[in-house]
1. Go over the candidates 116, 106 one by one and state the one that is open to solvent by 20 Å² or more (accessible area, probe 1.4 Å) and among the small types (Gly, Ala, Ser).
2. Here are some residues: 171, 155, 197. Which one is among the charged types (D, E, K, R), within 30 Å of residue 291 (Cα to Cα) and in contact with a strand residue (DSSP E or B) (Cβ under 7 Å, 6 or more places away or on another chain)?
3. Any idea which residue in the range 1-31 is nearest to the chain's Cα centre (by Cα), counting only those that are modelled with pLDDT under 95 and part of a helix (DSSP H, G or I)?
4. Exactly one condition in (1) modelled with pLDDT of 95 or more; (2) buried (at least 20 other Cβ atoms within 10 Å of the Cβ) is false for residue 259; which is it?
5. Have a look at 250, 205, 216 and point out the one that is touching a Phe, Trp or Tyr at 6+ places or on another chain (Cβ under 7 Å), at pLDDT 95 or above and among the acidic types (Asp, Glu).
6. Picking from 313, 285, which residue would you name as being charged (D, E, K, R), away from ligand 1 (no atom under 16 Å from the Cβ) and modelled with pLDDT under 95?
7. Is it the case that the range 153-167 has a residue that's open to solvent by 20 Å² or more (accessible area, probe 1.4 Å), of a type outside the set (Val, Ile, Thr), farther than 30 Å from residue 212 by Cα and away from ligand 1 (no atom under 16 Å from the Cβ)?
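The values are calculated or read from the model by the stated rules, or taken from the named source; none is laboratory data. The model shown is predicted, which means the values in this text are computed figures rather than measured ones. Cβ atoms come from the backbone with ideal geometry, glycine included; neighbour counts cover every protein chain shown. The accessibility values were calculated without ligands, DNA or RNA, using every heavy atom of the protein model including side chains. Shrake-Rupley method; radii C 1.70, N 1.55, O 1.52, S 1.80 Å.
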Amino acid sequence: MVATATPSLIEDIRRLKQERNALILAHNYQTRDIQEIADFVGDSLGLAYKAKETNADVIAFCGVHFMAETAKIVNPTKTVILPDRDAGCSLEQSCPGPQLESFLKANAEKNYYVIAYINCSGHVKALSDCICTSGNAVKIVEAAPKDRPILFVPDQNLGSWVMEQTGRKMDLWKGSCYVHVEFTRDSIQAIKDEYPDAKVVAHPECTYAVRMLADEVCSTEKMVGYCKNSDSNTFIIVTESGMLHRLEREVPNKRFIPGPTGHCACADCRYMKLNTLQKLRDALRDLTPQVEMPEDLRARAEKPILRMLELSR
Ligand code: 13P
Ligand code: SF4
């Protein structure tokens, strides 16, 4: 079908949303037009709560696959659609379920308490004791049993940041986010030199060298609160580019300098940016692509997510 002009596209989406009794959820990294039409825009944690609490019949999840899958896991009777079925995540890919399963079998004597960053597959969630997001990882690690070693999967950068914050030693899976590891110390320093009064706000998926330059390291949602409440008027935002729309909308009186896109040309997450308004309209119209998973896997993956939601209230 040929894409229609944006005003009628938006009308189509609004009409289909009513007809389907759908809730549109969007991650902070989605494009401006998607963020503007969504019922709720937030980080992985906020989106998981919204997905769990909704009474809508359909959840249209504008984000990446693991986020939509989490929505299905916590609210299985709902129809969950994702505008582009190829919207994956490099972190999810860096920890395949079968590989984690073999690792845990080979190291059974360690009796690991497995904490999985939510950026992972349903299979990995099902193998875990507790899930965390960047917004609650410190809390979740602090709440972990003291008498068992922790295996933290799949993001080594978030994991090492949490170790710095909590002092708790963990074994780290060697995964990473291809977007955040491309920011370098030199490229951030160059922007800092240009804007010496600006505060640097970085996502914990960034490397240690970049985090060292940051005034604040936090989840995408916490970036909004930090920038609102800070005395500073200018911020260098070291994360995916979609975050700038959210910040400019909610903190309109301040200035946001994007991370060094000119240096590494990578601040767009290619997976997040697969979603478009046209694909959202088509997904609402056709109710496809849908997220589905076998019930036994879903039920196993739900437990560690519910534990996380309970712990981070
Ligand atoms: P947040 O939960 O902080 O929004 O992060 C999700 C993500 O994919 C970061 O790359
Ligand atoms: Fe995954 Fe990185 Fe994209 Fe976030 S920005 S969805 S961690 S690839």
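1. 106
2. 155
3. 6
4. In the conditions (1) modelled with pLDDT of 95 or more; (2) buried (at least 20 other Cβ atoms within 10 Å of the Cβ), residue 259 misses (1) alone.
5. Testing whether each residue is touching a Phe, Trp or Tyr at 6+ places or on another chain (Cβ under 7 Å), at pLDDT 95 or above and among the acidic types (Asp, Glu) leaves just 216.
6. 313
7. No, there is no match, as no residue in the range 153-167 is open to solvent by 20 Å² or more (accessible area, probe 1.4 Å), of a type outside the set (Val, Ile, Thr), farther than 30 Å from residue 212 by Cα and away from ligand 1 (no atom under 16 Å from the Cβ).
Listed here are the residues, each with its yes/no results for (1) away from ligand 1 (no atom under 16 Å from the Cβ); (2) touching a helix residue (DSSP H, G or I) at 6+ places or on another chain (Cβ under 9 Å); (3) closer than 28 Å to residue 175 by Cβ.
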| site | (1), (2), (3) |
| --- | --- |
| 11 | yes, no, no |
| 21 | yes, no, no |
| 36 | yes, yes, no |
| 42 | no, yes, yes |
| 68 | no, yes, yes |
| 80 | yes, yes, yes |
| 91 | no, yes, yes |
| 107 | yes, no, yes |
